[in-house]
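So the structure is just underneath, and the comments pick up after that.
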Amino acid sequence: GIRLTAGLLGASYPRDDHTNITGAVLAKVGSDLHQQPNHPICIMATLMRDHFGPLYTYHDALSPVVSPAANFDSLGFEKDHPGRSLSDSYYINKDTMMRTHTSAHQVELLQKGHRNFLVVADVYRRDEIDSTHYPVFHQVEGVRVFDRGNVEAVDSSNLASGPPNASADNPRQACYTTVDSEAVEWHLKASLEGMVRSIFAAAQQAQGIATTQESELKMRWVDGYFPFTSPSYELEVWYEGKWMEVLGCGVIQQHILEQANLHNSVGWAFGIGLERLAMAFFRIPDIRLFWSQDPRFLGQFSAGKVTHFEPFSRYPSCTKDVSFWLPEAKDGEEGFHPNDLFELVRDVAGDLVEDVKLTDSFVHPKTKRESHCYRITYRSMDRNVTNEEINVLQDQVRQLAPERLDVQLR
Ligand code: PHE
């Protein structure tokens, strides 16, 4: 059979009917932006690492190639969870995929005996194409485990959150005493509010705002849902006139601890995305810039500092439309998913694609067939593109769409 070798850390994997990873994504594997000291992604991760200190072991070199068992099953994802689908995740084959989140390493690290740890890593998701979405991004995961009855007490007097709350929709786990679960919730909230305060202080410094009492950050906790925590929360920060969702977290589901033989333990976990925060802190306008090799980008940042990006001139864009009839829905098939088009455009145009948007859709009154029109914006981060070269790309998109997506061009 055909084997995938490119970039995937030297290993090769047989293809099967699950294989949906493309060359454009494979080409990013091993870039390890989070390990380059002067890169904004690494600067963000390092701020978090420094805040948590040496008590938390730091894991920044775990392979992005994992099993669906690690990424989903070990965490209690439902069998029909949409995250498992071929339209949301990158599969190398049915038993091997690109991790979609750093939580894929929770059980593995607990089994190795770690009790307090941080993971920083590249994660992969099939998604839309615009200035804030890219198929590869970075997360930091944090985990803290205690013995039951011995959860470290925290000073909760200056927390933004009220007392811990749980509800029928976001319940405490019956296996834990209320005292243990509440103590973990307090510890979680204190730890994460502290971390968010310290990283936002670095951003405020970049803006020349002194971090005084008046500049205190406004934060709020909202209920969340994750298959692997309960209760679950999201932390939001009031930033530039809006509530900004910063992280997801919760009390670790007992079945996860049990997989590591931790029968008498209780703990918390969180996951935080780095790109959105880095774009806000460094004022980086387009997510593709993180992948730029241009010294005008990379030369602007240095380890330990949050500084504002000085944009260099934007090169002109070139837009092209493509319209097609969707395939008729057949029983038992996934049918057309916009992510399939996005993936195809990325595969053809790589980082020259800036944005793909659905601009029109309608259903033919007689045939009932559905038509979509997408506007593709092409632009380079570091040079002028010519109309001729973009026409070549657009022709490839038009040629491949009927073959790969079973659509009919209009
Ligand atoms: N893995 C979750 C995500 O990617 C975040 C998370 C991590 C939530 C740990 C709870 C605990 O959205």
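Check whether at least one residue in the range 94-107 is open to solvent by less than 10 Å² (accessible area, probe 1.4 Å) and closer than 14 Å to residue 19 by Cβ, and report yes or no.
Within the range 94-107 (the criterion being open to solvent by less than 10 Å² (accessible area, probe 1.4 Å) and closer than 14 Å to residue 19 by Cβ), the answer is yes, since at least one residue qualifies.
Within the range 379-393, track down each residue that is out of contact with any Ser or Thr (no Cβ under 6 Å at 6 or more places or on another chain), closer than 17 Å to residue 355 by Cα and open to solvent by less than 70 Å² (accessible area, probe 1.4 Å).
Correct list: 380, 385, 390, 391, 393.
Which one of these does residue 181 not meet: (1) without any contact (Cβ under 8 Å) to a residue 12 or more places away in the chain; (2) among the polar types (S, T, N, Q); (3) open to solvent by less than 20 Å² (accessible area, probe 1.4 Å)?
With (1) without any contact (Cβ under 8 Å) to a residue 12 or more places away in the chain; (2) among the polar types (S, T, N, Q); (3) open to solvent by less than 20 Å² (accessible area, probe 1.4 Å) applied to residue 181, the lone miss is (1).
For the range 362-389, what are the residues that are more than 17 Å from residue 129 (Cα to Cα) and touching a Cys at 6+ places or on another chain (Cβ under 7 Å)? If you could, list the steps in order and put the result at the bottom.
Filtering the range 362-389 down to residues more than 17 Å from residue 129 (Cα to Cα) leaves 362-371, 382-389.
385, 387 - these are the residues of the range 362-389 that are more than 17 Å from residue 129 (Cα to Cα) and touching a Cys at 6+ places or on another chain (Cβ under 7 Å).
Filtering the range 227-236 down to residues that are buried (at least 23 other Cβ atoms within 10 Å of the Cβ) and not polar (S, T, N, Q), which residue is nearest to the ligand (Cβ to nearest atom)? Lay out the reasoning, then the answer.
First, the residues of the range 227-236 that are buried (at least 23 other Cβ atoms within 10 Å of the Cβ): 229, 231, 233, 235.
Remaining after also requiring not polar (S, T, N, Q): 231, 233, 235.
On the way: 231: 11, 233: 9, 235: 11 Å.
Once the filter is applied, the top-ranked residue is 233.
Among the residues of the range 78-87, write down those that are of a type outside the set (Ser, Thr, Tyr) and either away from the ligand (no atom under 12 Å from the Cβ) or exposed (fewer than 14 other Cβ atoms within 10 Å of the Cβ) (or both). Lay out the reasoning, then the answer.
Initially, the range 78-87 is screened for residues of a type outside the set (Ser, Thr, Tyr), giving 78-84, 86.
Across the range 78-87, the qualifying residues are 78, 79, 80, 81, 82, 84, 86.
Does residue 158 satisfy the criteria of being of a type in the set (S, T, N, Q) and touching a strand residue (DSSP E or B) at 6+ places or on another chain (Cβ under 9 Å)?
Values: of a type in the set (S, T, N, Q): yes; touching a strand residue (DSSP E or B) at 6+ places or on another chain (Cβ under 9 Å): no.
It is false that residue 158 is of a type in the set (S, T, N, Q) and touching a strand residue (DSSP E or B) at 6+ places or on another chain (Cβ under 9 Å).
Specify which of the listed residues (63, 67) is under 30 Å from residue 295 (Cα atoms), hydroxyl-bearing (Ser, Thr, Tyr) and surrounded by fewer than 17 Cβ atoms within 10 Å (Cβ to Cβ).
Details: 67 fails: under 30 Å from residue 295 (Cα atoms).
Matching residue, one of 63, 67: 63.
Kindly indicate whether any position in the range 143-158 is open to solvent by less than 20 Å² (accessible area, probe 1.4 Å) and of a type outside the set (A, V, I, L, M, F, W, C). Give the steps one after another, and end with the answer.
Within the range 143-158, the first condition is being open to solvent by less than 20 Å² (accessible area, probe 1.4 Å), and the residues that meet it are 143, 145-146.
If we keep only those that are of a type outside the set (A, V, I, L, M, F, W, C) as well, we get none.
No, the conditions are met nowhere in the range 143-158.
Quick test of your reading of the structure: residue 255 fulfils all but one of (1) open to solvent by 40 Å² or more (accessible area, probe 1.4 Å); (2) in contact with a Pro (Cβ under 7 Å, 6 or more places away or on another chain); (3) assigned to a helix (DSSP H, G or I). Name the failing condition by number.
Among (1) open to solvent by 40 Å² or more (accessible area, probe 1.4 Å); (2) in contact with a Pro (Cβ under 7 Å, 6 or more places away or on another chain); (3) assigned to a helix (DSSP H, G or I), the lone unmet condition for residue 255 is (2).
Any idea how many residues of the range 394-408 are loosely packed, with under 13 Cβ neighbours inside 10 Å and part of a loop (DSSP other than H, G, I, E, B)? Talk me through it step by step, then tell me what you get.
Of the residues in the range 394-408, the ones loosely packed, with under 13 Cβ neighbours inside 10 Å are 395, 399, 403.
Next, from what is left, pick out any that are part of a loop (DSSP other than H, G, I, E, B): none.
The number of residues fulfilling the criteria is 0.
Suppose we keep only residues that are among the acidic types (Asp, Glu) and without any contact (Cβ under 8 Å) to a residue 24 or more places away in the chain within the range 312-353. Which one would you say is surrounded by the fewest Cβ atoms within 10 Å (Cβ to Cβ)? So that I can check it myself, show each step before the final result.
Going through the range 312-353, the residues among the acidic types (Asp, Glu) turn out to be 321, 328, 331, 333-334, 340, 343, 347, 351.
Applying the additional criterion that residues be without any contact (Cβ under 8 Å) to a residue 24 or more places away in the chain yields 331, 333.
Numbers: 331: 4, 333: 9.
Checked the range 312-353; the qualifying residue surrounded by the fewest Cβ atoms within 10 Å (Cβ to Cβ) is 331.
Mind checking which residues of the range 130-140 are open to solvent by less than 20 Å² (accessible area, probe 1.4 Å) and out of contact with any Leu (no Cβ under 7 Å at 6 or more places or on another chain)? Walk me through it before giving the result.
Going residue by residue through the range 130-140, those that are open to solvent by less than 20 Å² (accessible area, probe 1.4 Å) are 134-136, 138, 140.
Within the range 130-140, 134, 135, 136 meet the criteria.
Considering only strands (runs of 3 or more DSSP E) fully contained in the range 94-206, which possess at least 3 residues that are within 16 Å of the ligand (Cβ to nearest atom) and not hydroxyl-bearing (Ser, Thr, Tyr)? So that I can check it myself, show each step before the final result.
Values: elements: 96-98, 116-124, 136-147.
Filter on the range 94-206 gives 116-124, 136-147.
The values are calculated or read from the model by the stated rules, or taken from the named source; none is laboratory data. In this text, all values refer to a predicted model and were calculated from it rather than measured experimentally. Cβ atoms come from the backbone with ideal geometry, glycine included; neighbour counts cover every protein chain shown. For the accessible areas, the whole protein counts, side chains as well, though only heavy atoms, and no ligand, DNA or RNA atoms are used. Shrake-Rupley method; radii C 1.70, N 1.55, O 1.52, S 1.80 Å.
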